[in-house]
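One structure below.
The values are calculated or read from the model by the stated rules, or taken from the named source; none is laboratory data. Only a predicted model underlies this, so the values are computations on that prediction, with no experimental measurement involved. As a convention, Cβ positions derive from the backbone with ideal geometry for all residues, glycine included, and neighbour counts pool all protein chains shown.
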Amino acid sequence: MSSKLKNWALRQALEHSKRTVLVALLITAFIGSGVRFIYLDDNVMNMLPKDIDSRRIWDEVIEDFKYTDFLFVAFGNSGENILIPDALALAWDLTEKFEEIPHVDEVISVTTMNRMDSEDGFLVVADLMPQKNLTEEEVTSLSNYLKDNSNISSRILSKEGDYINIVIRPKNDNDFPGLVAAVYEITAPYQNQYEFHFGGQPHLTGAMPELIKSETQQLLLIGLIIMSAILLINLRSLPAVGMVLSVIFLSALSMMGFMGWVYYLTETPRFSFSVVNTSMPIVLLTIANSDGVHIISRFFREARKHKDIKKALTMTMNQLMLPVFLTSLTTTAAFLTMVSSPIPTMTGYGATIGFGIMWAWVLSSTYLPAVIHLKKWDMQNPAINQPSILEKLIHRFGENIFNYPKRILSMGVLIVAVSSIGIWFLSVEVNIINLFKPGNEIRESTLFLDREMAGSMNLVLKVEGDMKEPDILNKMVDIQDYISAFPSVNTTFSIADVIKEMHKSIMDNDPAYETIPETREKINNLFTMYSMSGDPDDFEALVDYEYKTGLITAMMQSVSTKEIVIMADQIEAYIDNIGMEELKTETSGMMMFLKDFTILVVQSSINSILMSIVLILFIAWIFFRKWKFGLLSVIPLTSAVILNFGLMGWFGVDLSHFTALLTSIIIGVGVDFAIHYIAEFIHYSKNGIGTDDISRQVVDDVGYPILLDVFSNMGFGALIASSLIPLVHMGGLMVFAMISTSLGTLTILASIMEINKHNLYKLGNS
């Protein structure tokens, strides 16, 4: 940042304060108006590049067989027989209402499924439930049929027969929140009569955005209240707190407005708002708060020293404008490394945060000093003429650093070294269940479906081969039997099951004939007979129209991505051992997608962190003009990153797309603290303060705003109270990031610079 630009900005703030404030507010309002164009994209599939195998297979399956993930609605009362006229009538009504939802493609339930019987050696296809109100005799017939056909009953009844399961197949319009809201509204009037459970990937995808939104809003509000209270206790000035918060809010508004404008002008999905972007406001809040706290606290110290408001403000901005610019530039550059990520939404994530950070710098360099200048300050105010509690605390803390620098450095290095061992224990995985705390309604409903029903998730196997060839169909049966042996799999189904059921039906329901017929001709005859009384379109979700590709769907319990990968690999190995060239298979499903997505996010985040460290080192070297200062600037950041990943390994916190992205907070605050410390050291070196006092003075001046920033941001630890584990991680990482980066600066960095202060003093003074 050139001295001319710095002097111009300071002149505008001091000589044209009102105009500067007005212009800043007008520009911010214009940028922020883009909020109305923000596009919420809840389709997690759009987050994965189309050339990834799991995404490609998924798209092919949907194109040929419709959407393969289901939303489940189970109702009943524990221990009570659900196959009674009233409950079946309710299932009829619910099914009809679900079918009317615009986002629904198909509803599979006891009221829509068919039954197959034999009449004079011919196959007869009829409705399993022909009408809404059934007689006791019809209910008994239905019950007996389901008992004899477990492959059907397992999908629509609980194991104990006390719950009915209605399966909703969504359209591929990606409006899962709209679907979930409609399902909730339809079932609400009946929830005093029956116990309802909801599950499935569309339900999770549809319900989570609203949960994240509502809990984030509530807990962030609590966090902001705590932040404001801590700032007020230490700054002891309500106007000062308001000034800091105004920079935060205006920066956040401009950031979200920027995202909206870019999407409006380009319509690129890279700048749509998704679950990946959840941490953006948190990251910006920490950085914008840091800028404001450094400036306002330094202003109070200078005013206490010089007893002149204009002089205090001038000295504050002359000293801090460059460090604030440098911290903003390095942090922005770090986030811009995300632009190279193969995940589209991470491009928008990095660019949007980068813009917000730079606009926070603009406001901190112009708007904030102008507002400070407009305020009529009382020089007798305790905020100015008395040091705060944290100022006294940091002074005492600094004494230990100066007295025992080698001891403190050794302890810090030891902690980082021990923590680093935990990195070897890190695992990359996502388990849907573990996104929610025990007792959460979504978690408990999912566990219920896993325990009592067919399951809450599915794994889809795309099979290419002649679906009328007995050998192919028998191999599909073998594959299904192999898959069914996995503990997490509750049931499987495919076109082979339909053929087996047809074969048994025409043979007077003799279980011995629940097999694949021996010849292709017999299989063709079965399909022909079905078409005479049934609809061949009934098979469209199981086999294509040419009978060349079919699906094997495994209904299963919610498991981790690690387990699903092991399972998919074992299935693939089993199929390879079959040695049938006519049979080709590919595995699809949401868990396969989550596995690839998580790996990409983790890889992108780690690459971004490494690139950020190199980039920050380079920028700091350029601005400080000494490579040693550039190297020192990344020490707190590097140590905090190691501590973060190491402790995650020690405490068994998995690397997921949430935890990997949240490490960006460390980048933001880590480089901020270090650069302020180094810049202050160089400043005092050039101003002739002695080596005996320089470190003490730096810690006093920089340590206070660092601690104030740390303690005020602790308010966002309120997120730990969330029922959503991703928000818990966000709150926990916020607290950890603030502690680790501040201690990294005030212990490791400060100790290193104290030990080498004579050489660094000469370097800073040269």
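For the structure I just gave you, tell me whether ASP93 is part of a helix (DSSP H, G or I) and of a type in the set (D, E, K, R).
Judged against the criteria, ASP93 is a match.
Of the helices (runs of 4 or more DSSP H) lying entirely inside region 458-553, those containing at least 2 residues that are acidic (Asp, Glu) are 470-484, 495-506.
Give me the residue from region 629-644 that is touching a Leu at 6+ places or on another chain (Cβ under 6 Å) and in a helix (DSSP H, G or I) and, out of that set, surrounded by the most Cβ atoms within 10 Å (Cβ to Cβ).
The residue in question is PRO636.
Exactly one residue out of LYS97, LYS147, LYS159 is loosely packed, with under 14 Cβ neighbours inside 10 Å, touching a residue at least 60 places away in the same chain (Cβ under 8 Å) and of a type in the set (Lys, Arg): that is LYS159.
Taking residues in region 288-304 that are under 13 Å from ASP701 (Cβ atoms), and partners anywhere that are aromatic (Phe, Trp, Tyr), the pairs with Cβ atoms closer than 8 Å and at least 6 places apart or on different chains are SER297/TYR704; ARG301/TYR704.
Among the residues making up region 196-215, those that are in contact with a Ser or Thr (Cβ under 7 Å, 6 or more places away or on another chain) and either within 25 Å of LEU40 (Cα to Cα) or charged (D, E, K, R) (or both) are PHE198, GLY199, GLY200, ILE212, GLU215.
Here GLY717, GLY703, GLY732 are screened, and the one residue that is buried (at least 24 other Cβ atoms within 10 Å of the Cβ) and touching a residue at least 12 places away in the same chain (Cβ under 8 Å) is GLY703. Among the conditions (1) in the same structural domain as PHE300 (by TED's automatic domain parsing); (2) at positive phi, GLY455 misses just one, which is (1). Only residues that are charged (D, E, K, R), without any contact (Cβ under 8 Å) to a residue 60 or more places away in the chain and not assigned by TED's automatic domain parsing to the domain that holds ASP709 were counted in region 374-408, giving 2.
Scanning region 594-612 for residues that are touching a residue at least 40 places away in the same chain (Cβ under 8 Å) and more than 25 Å from ASN458 (Cα to Cα) returns SER604, SER605, ILE606, ASN607, SER608, ILE609, MET611, SER612.
Across region 184-228, the qualifying residues are those that are of a type in the set (S, T, N, Q) and either touching an Asp or Glu at 6+ places or on another chain (Cβ under 7 Å) or in a helix (DSSP H, G or I) (or both), and the one among them that is nearest to MET590 (Cα to Cα) is GLN201.
Exactly one residue out of THR747, THR741 is surrounded by 20 or more Cβ atoms within 10 Å (Cβ to Cβ), of a type in the set (Ser, Thr, Tyr), touching a Gly at 6+ places or on another chain (Cβ under 8 Å) and closer than 19 Å to HIS294 by Cβ: that is THR741. Return a yes/no flag: does region 689-699 have any residue that is among the acidic types (Asp, Glu), assigned by TED's automatic domain parsing to the domain that holds GLU399 and in contact (Cβ under 8 Å) with a residue 60 or more places away in the chain. No: region 689-699 contains no residue that is among the acidic types (Asp, Glu), assigned by TED's automatic domain parsing to the domain that holds GLU399 and in contact (Cβ under 8 Å) with a residue 60 or more places away in the chain. Quick one: is LEU329 farther than 22 Å from ILE619 by Cα, at pLDDT 85 or above and either buried (at least 23 other Cβ atoms within 10 Å of the Cβ) or not assigned by TED's automatic domain parsing to the domain that holds VAL699 (or both)? No; evaluated as a whole, the condition is false for this residue. Within region 344-383, the set of residues being touching a Leu at 6+ places or on another chain (Cβ under 7 Å), over 14 Å from ALA334 (Cβ atoms) and not hydrophobic (A, V, I, L, M, F, W, C) comprises PRO369, HIS373.
Report whether or not LEU727 is among the aliphatic types (A, V, I, L, M) and within 30 Å of ILE433 (Cα to Cα). Spelling it out, LEU727 is indeed among the aliphatic types (A, V, I, L, M) and within 30 Å of ILE433 (Cα to Cα). Confirm whether PHE65 is touching a strand residue (DSSP E or B) at 6+ places or on another chain (Cβ under 8 Å), closer than 24 Å to PHE176 by Cβ and crowded, with 22+ Cβ neighbours inside 10 Å. No; evaluated as a whole, the condition is false for this residue.
Can you go through TYR404, TYR367 and tell me which one is within 28 Å of LEU708 (Cβ to Cβ) and buried (at least 17 other Cβ atoms within 10 Å of the Cβ)?
After ruling out the rest, the residue left standing is TYR367.
For (1) more than 38 Å from the chain's Cα centre (by Cα); (2) surrounded by fewer than 14 Cβ atoms within 10 Å (Cβ to Cβ), each residue gets a yes or a no:
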site: ILE499; (1), (2): yes, no
site: GLU518; (1), (2): yes, yes
site: GLU521; (1), (2): yes, yes
site: GLY534; (1), (2): yes, no
site: ASP544; (1), (2): no, no
site: MET556; (1), (2): no, no
site: GLY579; (1), (2): yes, yes
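Residues that are in contact (Cβ under 8 Å) with a residue 12 or more places away in the chain, in a helix (DSSP H, G or I) and surrounded by 12 or more Cβ atoms within 10 Å (Cβ to Cβ) within region 100-144 comprise VAL139, LEU142, SER143, listed in sequence order.
Among the residues of region 584-618, those that are outside any helix (DSSP H, G or I) and not small (Gly, Ala, Ser) comprise LYS584, THR585, GLU586, THR587. Taking the criterion of being farther than 20 Å from GLY550 by Cβ and touching a Lys or Arg at 6+ places or on another chain (Cβ under 8 Å), the residues of region 563-594 that qualify are ILE564, VAL565, PHE593.
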